[in-house]
Amino acid sequence: PTTFLRPVPLMLASTWEAFHTRCVSEAAGFLSGFCTVGTALPKELRKRMAAEVEREKDELSPWSLAGDEWRAFVRKRVDADALRLRSGKSAHIEEYYSTGLGLVKLSPKWSGSRKATTSNAAVIDAFITARDGITHRGESHLSVKDCWKFRQLLILQVIRTISVVDKHIASHTKEVFCGSSMVQLRRQLNPYEA
């Protein structure tokens, strides 16, 4: 079991992180393509972009946002080395979405059962910490049950994240980012429930 189960948490966490990287990249492209003017971008995103341009040493750097150049800047900065998802922990994901899309307070939207004593963000953080222990300190594997429960939790959080990003983008572009309903997404992402 240890030989087989040791890489499973690594793969699950990597899938979680890859989803967020792809989601922010595609959503940034969507924002840059469908916002009619730069001022339609989310305020938090505009503030971060302005701060980045202001930090540049070139006194002509504000011109990099002139005309429609802001569109390329929105896309380019998401792929830049300066904006990287450090890990799948909720605080890092919060910072990543805030910086890349101007979307704040994402992880509270991952809420689960009202009876739950631990938030879904805390469960994800604990799993990522366990993954880090396996990867960096050679700690033991996680059980099949723990890995399966985490997989199921991730599916729900991916669906909730897509829904939140869709609403965020629609509020700025008046366009639909993801046309699938929550039920359709659940069926596509979790065929074992169907």
Can you tell me the 0 to 90 degree angle between the C-alpha axis of helix 90-101 and the longest principal axis of the chain, rounded to 10?
30 degrees
So if I restrict to the alpha-carbon atoms in segment 129-194, what is the Rg, and what is Dmax, the biggest pairwise distance, in Å?
16.4, 48
About the Cα centre, and with charges only on the beta carbon of Lys, Arg (+1) and Asp, Glu (-1), how big is the dipole of segment 29-103? Nearest 20 debye, please.
260 debye
By how many degrees, between 0 and 90 and to the nearest 10, does the Cα long axis of helix 120-137 differ from the longest principal axis of the chain?
80 degrees
For the chain, fraction of C-alpha pairs farther apart than 28 Å, in %:
34 percent
Mean accessible surface per residue for the chain, computed with a 1.4 Å probe while every protein chain stays in place, in Å²
58 Å²
Report the net charge of residues surrounding A40, where surrounding means a beta-carbon distance below 12 angstrom and charges are Lys +1, Arg +1, Asp -1, Glu -1.
+3
Normalised contact order of segment 71-129, rounded percent, pairs of Cα under 8 Å and 6 or more residues apart:
31 percent
In whole percent, what relative contact order does the chain give with Cα contacts below 8 Å and a gap of six or more residues?
29 percent
Lys/Arg +1, Asp/Glu -1 at C-beta; the chain dipole; positive extreme among P7, G102, V78
P7
Past 22 Å, Cα to Cα, is the threshold; run K76/K109; K47/K105; K109/K145; K89/K174 against it and keep the listed order.
K76/K109; K109/K145; K89/K174
Quick check: at a probe of 1.4 Å, how many percent of the accessible area of the chain sits on carbon and sulfur atoms?
56 percent
Take the alpha carbon gyration tensor of segment 4-110, find the square roots of its eigenvalues, order them as a ≥ b ≥ c, and report rounded if a/c is under 1.5; if not, report prolate when a/b exceeds b/c, else oblate.
prolate
Where Lys and Arg each count +1 and Asp and Glu each count -1, what net charge lies around F177 among other residues with Cβ under 10 Å from its Cβ?
-2
Contact order normalised by residue count of segment 94-194, Cα under 8 Å, 6+ apart, percent
21 percent
If I stretch the segment between A72 and K174 completely, what's the gain in nm (0.36 nm per residue apart, minus their alpha carbon distance), one decimal?
34.7 nm
Projected-area mean, segment 121-163, by convex hull of Cα positions, square nanometres:
3.1 nm²
Identify the GluC sites (Glu not before Pro) of segment 47-148 meeting these criteria: DSSP loop state and at most 11 other C-beta atoms within 10 Å of the C-beta.
E56, E59
Nearest-ten-degree value, helix 7-34 long axis tilted from longest Cα axis of the chain
20 degrees
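The values are calculated or read from the model by the stated rules, or taken from the named source; none is laboratory data. Every value quoted in this text rests on a predicted model; they were computed, and no experiment measured them. Because the Cβ atoms are built from the backbone with ideal geometry, glycine has one as well, and the counts that use them run over all protein chains shown. Ligands, DNA and RNA are excluded from the accessible area calculation, which covers all protein heavy atoms including side chains. Shrake-Rupley method; radii C 1.70, N 1.55, O 1.52, S 1.80 Å.
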